[in-house]
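Contents: one structure, followed by commentary.
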Amino acid sequence: MALITDSGDEGREPVNKQASQDKGIVENLRNMSVLREEMNRINAQMLHLLNERARVAIEIGEIKKRQNRPIVDEKREREIIVKMQEENQGPVTDEQVARFFGNLFQIAKELQAVRR
């Protein structure tokens, strides 16, 4: 562990570079831990919303079944994606928004198909 001193500044205490780096690492780990806890909380909320959405999709599927309508409604899917892209404020890209909602639609279709 080397002490770094600046001989041009008399009266200034030596700076321990390693201790400063260690402090930075510890602080980053603390920050990462806090952020991961926040991510875990968001994930739990998203899972709850995913299941809530799935329950609604199943109900819609039941109505489609009674009315002898197809599961897939591509026009509706496009409308939703366009609306979500218009509301998107990033940092997620519009392409990522389309993929995300496309995956949600696929899950809903699978749930609806099982009940046919």
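Rounded to the nearest Hz, the phi-derived 3J(HN,Hα) couplings of region 20-26 under the Karplus curve 6.51 cos²θ - 1.76 cosθ + 1.60 (θ = phi - 60°) are 5, 5, 4, 4, x, 5, 4, where x marks glycine and proline.
Note on LYS64: lysines with a C-alpha under 18 Å away, same-chain residues under 8 apart excluded, are LYS75, LYS109.
Converting phi to 3J(HN,Hα) with the Karplus coefficients 6.51, -1.76 and 1.60 and the offset θ = phi - 60°, region 91-99 yields x, 5, 7, 4, 4, 5, 4, 4, 5 Hz in sequence order, with x at every glycine or proline.
Counting only protein heavy atoms and using a 1.4 Å probe, the accessible area of GLU110 comes to about 100 Å².
At full extension, ILE60 and LEU104 could sit 14.4 nm farther apart than now, given 0.36 nm per residue minus the alpha carbon distance.
Computed from phi, the 3J(HN,Hα) profile of region 52-65 under the Karplus parametrisation 6.51, -1.76, 1.60 (θ = phi - 60°) reads 5, 5, 4, 4, 5, 4, 5, 4, 4, x, 5, 5, 4, 5 Hz, with x in place of Gly and Pro.
The values are calculated or read from the model by the stated rules, or taken from the named source; none is laboratory data. Since we're looking at a predicted model, the values are computed, not measured. Remember, those area values only see protein heavy atoms, side chains included, never the ligands or the DNA or RNA. Shrake-Rupley method; radii C 1.70, N 1.55, O 1.52, S 1.80 Å.
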